[in-house]
Amino acid sequence: MDLKNTEPDVFESVDAVPESIERAITDGIDLNGAPLPKDMVCFYKEVMQKEADRVCRVRVAMRKKIIATGAKHFDQETLNQRLLDAGWEGLKAAEIAYFFS
């Protein structure tokens, strides 16, 4: 058997599986047509939401690093305005007290 001729088909089928599985989970129906247990689907969605929330924590970490470093290079008003302009919330009272007092 020549693996070079079969590789594209193998990769195409592997790439299609995750999308099919996600669709089945969303529909609550296994690939064989059997219903998925609701507790399993709920738990899966809960874990995936936690992962999505964790990924969003990157923005929180970015903001903290910007404030800690930015406080060395910008005055309070400038740093606050730059945070707001970038889409973050402005400086909190505790941040002002720590970095600018």
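The values are calculated or read from the model by the stated rules, or taken from the named source; none is laboratory data. What you see is a predicted model; the values in this text were computed from it and never measured. Note that we place each Cβ from the backbone using ideal geometry, even for glycine, and neighbour counts take in every protein chain shown.
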Within segment 2-9, does at least one residue satisfy the condition of being polar (S, T, N, Q) and at pLDDT 85 or above?
no
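Is there a residue in segment 16-37 that is among the hydroxyl-bearing types (Ser, Thr, Tyr), under 30 Å from residue 98 (Cα atoms) and either modelled with pLDDT under 90 or surrounded by 10 or more Cβ atoms within 10 Å (Cβ to Cβ) (or both)?
No, segment 16-37 contains no residue that is among the hydroxyl-bearing types (Ser, Thr, Tyr), under 30 Å from residue 98 (Cα atoms) and either modelled with pLDDT under 90 or surrounded by 10 or more Cβ atoms within 10 Å (Cβ to Cβ) (or both).
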